[in-house]
Every structure is written in C-alpha cells, then in structure tokens.
1. Between A68 and L33, take the C-beta separation as r, use R0 = 30 Å, and let me know the FRET efficiency to the nearest 0.05.
2. Name the residues of the range 34-60 whose amide N is less than 17 Å from a point 7 angstrom out from the Cα of E15 along the C-beta direction?
3. For every helix of n ≥ 4 consecutive DSSP H residues, a contribution of -39,500 (n - 2.57) applies; sum these over the chain, divide by its total residues, and give [θ] at 222 nm rounded to the nearest 500 deg cm²/dmol.
4. Send over the semi-axes of the chain's equivalent ellipsoid, whole angstrom and largest first, taken as the square roots of 5 times the C-alpha gyration tensor eigenvalues.
Amino acid sequence: MCLAIPACVEEIVSEDCAIVNLSGVRREVSLALVEGVQPGDYVIVHVGFALQKIDPLEAEHTLALFAAMQTHEGHSSNEPEE
C-alpha cells in the first residue's frame, strides 16, 4: 500500500526543492511536479516528491485523521481499557 501525506512547506531551498514539515519531521522534497508552491502551502508528499498542492483545511483534516488512527492503534483489542 502506498501512502501520500500532507505536509506544510516551511522553506523553498531552490527552484525544485523545499523543506516541508511532516508531523514535526523536517524533510527536503522535490517540487518538480508542482508549480507555484510557497512557504505555508500544504502539499501531498509521496516518496520525496510533492505531488500536488492541497487546501489547508483538507490537509489539517487528513492529518487529524492520521493522528486519530495512531491513537486508536495504540489500544489493542486484547488490552483492557482503563
């Protein structure tokens, strides 16, 4: 299964590269496939490439869903809940 993750662009480092924030992890990604990206924009990132810009509200919603899934996975169905 492939997963593309929303990331916030923090810094443009060259015409085709940017530093993005992936849930607290800063990483350099290629902008070769996306035009007009500016700091503060959200992009969908897959294997080191920004694939497209995404609406900030949609990005925040998707990131919240990922966080909820991680929290849910931390509770195994075999463990009693307190």
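Every number in this text was worked out from the coordinates using simple rules, so none of it is lab data. If you're wondering where the values come from, they're calculated on a predicted model, not measured in any experiment. Positions of Cβ are backbone-derived with ideal geometry, glycine not excepted, and every protein chain shown enters the neighbour counts.
1. Values: r = 29 Å, r/R0 = 0.96.
The calculated FRET efficiency here is 0.55.
2. Under cut-off, by backbone N: 34-38.
3. Numbers: 1 runs with 18 residues, N = 82.
The helix contribution divided over the chain gives -7500 deg cm²/dmol.
4. Numbers: eigenvalues 177, 27, 23 Å².
Three semi-axes, in Å: 30, 12, 11.
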